[in-house]
Amino acid sequence: MTTFHFPKGFLWGTATAAHQVEGNNTNNQWWKWEQEGHTNGKSGLACDWWGGRWREDFDRAAEGGQNAHRLSVEWSRIQPAPDRWDEDALERYRVMLRGLKERGLTPMVTLHHFTEPLWVSENSGWETEAIVPLFEKFVRKTVDALKEYCSLWCTINEPNVYALSGYANGAFPPGVNEIKRAVQVEANMLRAHAAAYRAIHQIQPEARVGYALHYRPMVAKRNWNPLDRLMRSVRYSGINMAFPSGISTGVLKSPVGNVSIPEAKGTQDYLGINYYSQDTISFNPFKPKELFTHSGFPADADFSENNFIANIPEGFFDTLKWAVRTYPNLPILVTENGVEDSTDHLRPRFMAEHIHQMWRGVNFNWPIKGYFHWSLVDNFEWERGWTQRFGLWALDTESQKRTKRPSADLYAAICHENGLSSEMAQKYCPEVFEKLFPS
Ligand code: BGC
């Protein structure tokens, strides 16, 4: 019997995003995309946080022993038109953040999580540099209004996923398939991130500012095959390295050309990492739009319900190792990690195995400071709509009723203990007990 403990003060929380939980976010590009029929269901009322149900969900988080929460603010609510600020919306966010503090949860606020106002997306969005001062203005206004309650900021969530899904594979709005435009978008996101980084520090010198990187470790399908290995490295650099290279060197690197953004160098106080799974890459001559690469999972993987995620906890360890080698001494926050699983068959072992790998990292003295599970309650999963359920709590969208899944109890036990014990593994995921706690 033993416990894998974490350092004192470790942040344990869940992560959410405005459009996925608030409901009725009618003034952004995703709402429009949904009405046009591109998604598997519509966000609708979502988890009704804008209607006030954040209160009961924050209670659930607090009762579950969490001491932090990552949420995002909705730009289209705060600045519904270029020349209009909605002070009531800002006040509502202030009330929400106060609600977190009152419950003992440290707030982390993301300023852009995939959505922007229609007046932005209908005016070239992130495709031109004109977005940089617009984003900076929004950030200044918002940070100034919320600074009393928050000093941990995430400028942009997963710029790589936003750019590649919107402009390379077309699953996100505006549904474009042109890698060069994706790179342009990501470059403008990096410029905007750098401007936001400086603006936030000007307003709040003690702020800690970063962004959340979706990192995918990758392996070549047939390691003996030079084409698979080559494609692995093309895809790896295209997906993973644009922002990190920009922040390390001031040059955003991509397989279709580099972009010099010197002002981005050094603009992070921590590295935010979102880890879900690891990809297996092979050469595919029929996929020119994906630069002749194919991405999959091993056939015998431990798959999630819709085969969207393969449970590969070792990839999480490799991700953290990459982070610490790339930015020695920079604090690391796991800003997302979780799995779609409506029946909660996989989630308990997924959670325990990933937290175990993170604990291994902590034991190498890697500066991992917190973990935000995705997510607290089932919420609107973008183009996949309601077909994927990531919540510790299940949501019935009709009645808004929440039902606790067993992994909510496992996570609560971990948060309360500040560690993962052998008893917890025995109780919630006996199938991996021997793997985690070899006798
Ligand atoms: C995004 C979340 C999303 C999650 C699960 C991440 O890429 O940041 O918004 O819900 O993945 O699909």
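The values are calculated or read from the model by the stated rules, or taken from the named source; none is laboratory data. Keep in mind that this is a model prediction, so the values were computed, not measured. Here the Cβ is made from the backbone with ideal geometry for all residues, glycine too, and neighbour counts use every protein chain on show.
Quick one: which of Asn40, Asn25 is within 16 Å of the ligand (Cβ to nearest atom), surrounded by fewer than 16 Cβ atoms within 10 Å (Cβ to Cβ), at pLDDT 95 or above and under 22 Å from the mean Cα position of the chain (by Cα)? It would help to see each step written out before you state the result.
Working: Asn25 fails: surrounded by fewer than 16 Cβ atoms within 10 Å (Cβ to Cβ).
Being within 16 Å of the ligand (Cβ to nearest atom), surrounded by fewer than 16 Cβ atoms within 10 Å (Cβ to Cβ), at pLDDT 95 or above and under 22 Å from the mean Cα position of the chain (by Cα) holds for just one of Asn40, Asn25, which is Asn40.
List the residue pairs whose Cβ atoms are under 6 Å apart, where the first residue sits in segment 211-237 and is assigned to a strand (DSSP E or B), the second is of a type in the set (A, V, I, L, M) and within 16 Å of the ligand (Cβ to nearest atom), and the two are 6 or more positions apart or on different chains.
Tyr211/Ile156; Leu213/Ile273; His214/Val161
All but one of (1) assigned to a helix (DSSP H, G or I); (2) surrounded by fewer than 23 Cβ atoms within 10 Å (Cβ to Cβ) hold for Asn306, so report the exception by its number.
(1) is the only condition that Asn306 fails.
Among the residues of segment 150-162, is there at least one that is part of a helix (DSSP H, G or I), away from the ligand (no atom under 16 Å from the Cβ), buried (at least 18 other Cβ atoms within 10 Å of the Cβ) and aromatic (Phe, Trp, Tyr)?
no
Take segment 386-421 and flag every residue that is surrounded by fewer than 15 Cβ atoms within 10 Å (Cβ to Cβ) and either over 17 Å from Asp48 (Cα atoms) or touching a residue at least 40 places away in the same chain (Cβ under 8 Å) (or both).
Here is the first cut: in segment 386-421, the ones surrounded by fewer than 15 Cβ atoms within 10 Å (Cβ to Cβ) are 396, 398-399, 401, 403, 416.
His416 - this is the single residue of segment 386-421 that is surrounded by fewer than 15 Cβ atoms within 10 Å (Cβ to Cβ) and either over 17 Å from Asp48 (Cα atoms) or touching a residue at least 40 places away in the same chain (Cβ under 8 Å) (or both).
Out of all the residues in segment 335-361, which are assigned to a helix (DSSP H, G or I) and over 21 Å from the mean Cα position of the chain (by Cα)?
Arg360
Collect the residues in segment 6-20 that are in contact with a Phe, Trp or Tyr (Cβ under 8 Å, 6 or more places away or on another chain) and away from the ligand (no atom under 16 Å from the Cβ), keeping them in residue-number order.
Matches in segment 6-20: Phe6, Phe10, Leu11, Trp12.
Out of the residues in segment 186-218 that are within 16 Å of the ligand (Cβ to nearest atom) and aliphatic (A, V, I, L, M), state the one that is farthest from the chain's Cα centre (by Cα).
For segment 186-218, the residue satisfying everything is Met189.
Go through segment 362-385 and count every residue that is within 16 Å of the ligand (Cβ to nearest atom) and either outside any helix (DSSP H, G or I) or without any contact (Cβ under 8 Å) to a residue 60 or more places away in the chain (or both).
The number of residues fulfilling the criteria is 12.
Sort out which residues of segment 72-113 are part of a strand (DSSP E or B) and out of contact with any Leu (no Cβ under 8 Å at 6 or more places or on another chain), and write them in order of number.
Residues of segment 72-113 that are part of a strand (DSSP E or B), as a first pass: 72, 81, 84, 106-112.
Ala81, Arg84, Leu111, His112 - these are the residues of segment 72-113 that are part of a strand (DSSP E or B) and out of contact with any Leu (no Cβ under 8 Å at 6 or more places or on another chain).
If a residue must be over 23 Å from the mean Cα position of the chain (by Cα), without any contact (Cβ under 8 Å) to a residue 60 or more places away in the chain and not in a strand (DSSP E or B), how many such residues does segment 272-300 contain?
Here the count works out to 8.
Would you mind finding the one in Trp85, Trp54 that is aromatic (Phe, Trp, Tyr), touching a helix residue (DSSP H, G or I) at 6+ places or on another chain (Cβ under 9 Å) and surrounded by fewer than 23 Cβ atoms within 10 Å (Cβ to Cβ)?
After ruling out the rest, the residue left standing is Trp85.
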